[in-house]
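Structure first, then comments.
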Amino acid sequence: MTRETLINSALALALLLVPLLAYAMDEPFIITLATKVAILALAGVGLNIALGLGGLVSLGHAAFFGIGGYAMGILASHAQSYTAITDWPVLIEGTKSMPVIWLVAVVASGITALLIGALSLRTSGVYFIMITLAFGQMLYYFAISWAAYGGEDGLSIYVRNSFPGLNTLDPIQFFAITFVLLLAALLFSARLARSPFGLALNAARQSPQRVETIGLSPYRLRLLAFVISGMITGLAGALFADLNRFVSPTMFSWQTSGEIMVFIILGGTARLFGPVAGAALFIILEHILGGLSEFWHIYLGLLLLLVVLFAKGGVIGTLAGREKAHD
Amino acid sequence: MTDLQTPILETRNICKSFDALKASQDISLDLRAGEIHALIGPNGAGKSTLIAQIAGGLKPDSGSVHLNGRDVTTLPTAKRARLGLGRTFQVSALAMEDTVLQNAVLGALGAQGRPFHLFQSALGNASLRQVAEQALERVGLQDHARTRTAELSHGQRRQLEVAVALTLQPKAFVMDEPMAGLGASGSKALTGFLDSLREQAPILMVEHDMDAVFALADRISVLVYGQIIATGSVAEIRAHPEVRRAYLGEDA
């Protein structure tokens, strides 16, 4: 077992044990914080496929986070008001079922990622960053002006959505759902990195010329990565909205994209558990520093600066050393 | 056997200008089965521009490029590679963070043409691995399979470049200064290897190392100011007065 595997296992175990302990000590707030970590980490696992593996600096991943959130908000709000979403050409009704909401969130963000990716991946570097940012902001302002779904105020959902066999209002049970989904995404991401697709995508990041001369198209590889990445972040958005029982345009804002990217960099870009370590650190800092000062982001910024300057591998890189080459 | 008269790779009347600069002027050259065809010329003669048009990075203003009799002028680089064009770069274009084996498997993956497997393991795939390991063995890098590419010496990176190209089982090689930066012994070793490679597929190479060119080339074409001023055997080129004046810098 490599050192990184050990650290990853310890992280996963800690993320599981903390809420279990909190449950035993009747501290639901801690469970909610852990749930938030799991959900943000999931969003980060999504972005990390594009950012870490594909080298695609997307500053518009809030678009998928928001689409996931609004998929949940729209479906659930119709279900709670007993109104149909549309009755023509076919009747579509809302739902409170999490699996259905997830499916809609994943499909909707996947399609959006395909459209955004198909256009923005024709550029690279700073242009790519700006175009993804622009798409994110388009959706942000669209959400603000979408009066039917709360406009600037967003949408409140009174009761958390349901999952067969579980009481989702119980914090520990809802945590379990998010934790299992996070593990599944991590497993998928680990396999993806070692797959032929992962190998080619990773090579396209390092040397697109090489990938072309062996007969593959970097554009197609990146597009698929972008779509997969958007789908996972979209799923996280649906869960995040369910955690808060609230959706607002903020989920689409570029600050959201930035925060996800910041905590991935803190945790370790391109490292499997980078998003997990980063999300945990982010939430802990927000909680501790946020209690000390309203301007805790100053300290976060300082930390980010230090990581970028002195510890490029982030938390995971510092603890586990340089990534081992696969056999 | 391929008909020796049929060129595997051919450019017909290629012209390319960048504003006032005529980088390629009516260039026709061919690469026949079993030969090494060296392209020489002073810096700025338009060699890289010509290679880019053959490999697919640049589109000629007029004229055409043919691979195995097929017009590939408008095809992108990736498609030309799938049709059998194996290319190596002057400055190594390898995935430096990956291992040697991973780079070779990447080539095998390109040859297989199905990169969208998300769940199987790339290095666990027996057929990919076999192709990759054979190529590494061919160039003598089998003992470095697990070395990170960034840790290879300059000469070893050259070998890996060739190995990756080999995984594609190309119909023709296009090599941009394969000897660049190699020491005397490295250059000699690679010369021996390329000599044996021509049986597998002909090689069109741009090269500055004249010892290597004279040792390897069946034919030499001389490019000066975007024009081919002469094509011929080593002896013919050495004796060519215009070449001596323009390129070898001697008085005829």
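Here the Karplus relation 6.51 cos²θ - 1.76 cosθ + 1.60, evaluated at θ = phi - 60°, turns the backbone of the range B:98-114 into coupling constants of 8, 7, 4, 4, 4, 4, 6, 5, 4, x, 4, 5, x, 5, 6, x, 10 Hz, with x for every Gly and Pro.
Ellipticity at 222 nm from helices only: DSSP H runs of n ≥ 4 in chain B, each -39500 (n - 2.57), divided by the residue count, give -10500 deg cm²/dmol. Rounded to the nearest 10 degrees, the inclination of helix B:126-139 to the longest alpha-carbon principal axis of chain B is 50 degrees.
Angle of helix B:184-197 to the longest C-alpha principal axis of chain B, folded into 0 to 90 degrees and rounded to 10: 80°. Membrane-span-like helices in chain A (whole DSSP H runs, Cα extent of at least 30 Å along the helix axis, mean Kyte-Doolittle hydropathy of at least 0.0): A:3-24, A:98-120, A:125-145, A:171-194, A:218-244.
Using the Kirkwood radius over C-alpha pairs as Rh, can you work out the diffusion coefficient of the protein assembly as shown via Stokes-Einstein at 4 °C, viscosity 1.567 mPa s, in µm² per second? Result for D is 49 µm²/s. Note on A:Glu27 and A:Leu115: their simple-model spin labels are 4.5 nm apart, each label 7 Å out from Cα toward Cβ.
With R₀ set to 30 Å, the beta-carbon distance separating A:Ser9 from B:Ser121 gives a calculated FRET efficiency near 0.90. In chain A, the calculated helix contribution to ellipticity at 222 nm averages -23500 deg cm²/dmol per residue, counting -39,500 (n - 2.57) for every DSSP H run with n ≥ 4.
Taking every residue in A:200-209 and counting other chain Cβ atoms within 10 Å of its Cβ, the average works out to 6. Scanning residues 5 or more positions from B:Met205 or on other chains, those with amide H under 5 Å from its amide H are B:His37, B:Ala38, B:Leu39, B:Met175, with H placed 1.01 Å from N in the peptide plane. Principal-axis analysis of the Cα atoms of chain B puts helix B:154-167 at an angle of about 80° to the longest axis. Between the range A:108-145 and the range A:221-250, the alpha-carbon centres lie 14 Å apart.
With a 10 Å cut-off around each Cβ of B:108-116, the average count of Cβ atoms from other chains is 6.
Classification of the range A:3-320 by its C-alpha gyration tensor yields an oblate form. The axis ratio a/c (a ≥ b ≥ c) is 1.5 or more, and b/c is at least a/b. With a Förster radius of 22 Å applied to the C-beta separation of A:Met1 and A:Lys312, the computed FRET efficiency comes to 0.35. Here the gap between B:Ala150 and B:Phe18, fully extended at 0.36 nm per residue and compared with their Cα-Cα distance, gives a gain of 44.0 nm.
The modelled label-to-label distance for the pair B:Asp211/A:Val107, using points 7 Å beyond Cα in the direction of Cβ, is 6.8 nm. I'd like the distance separating the alpha-carbon centroids of the range B:35-86 and the range A:18-77, in whole Å. That distance is 49 Å.
Using the Cβ-Cβ distance between A:Phe142 and B:Gln142 with R0 set to 56 Å, the FRET efficiency from 1/(1 + (r/R0)^6) comes to roughly 0.50. Centroid-to-centroid, using Cα positions, the range B:133-159 and the range A:159-196 are 42 Å apart.
Under 24 Å Cα to Cα from B:Lys59, which lysines show up? Leave out anything in the same chain fewer than 8 places away. Filter leaves B:Lys16, B:Lys22, B:Lys47, B:Lys79, B:Lys171.
Every read-out reported here was derived from the displayed coordinates using simple, explicitly stated rules and does not represent laboratory data. Because the structure is a prediction, the values reported are computed rather than measured. Glycine gets a Cβ as well: all are built from the backbone with ideal geometry, and neighbour counts include every protein chain shown.
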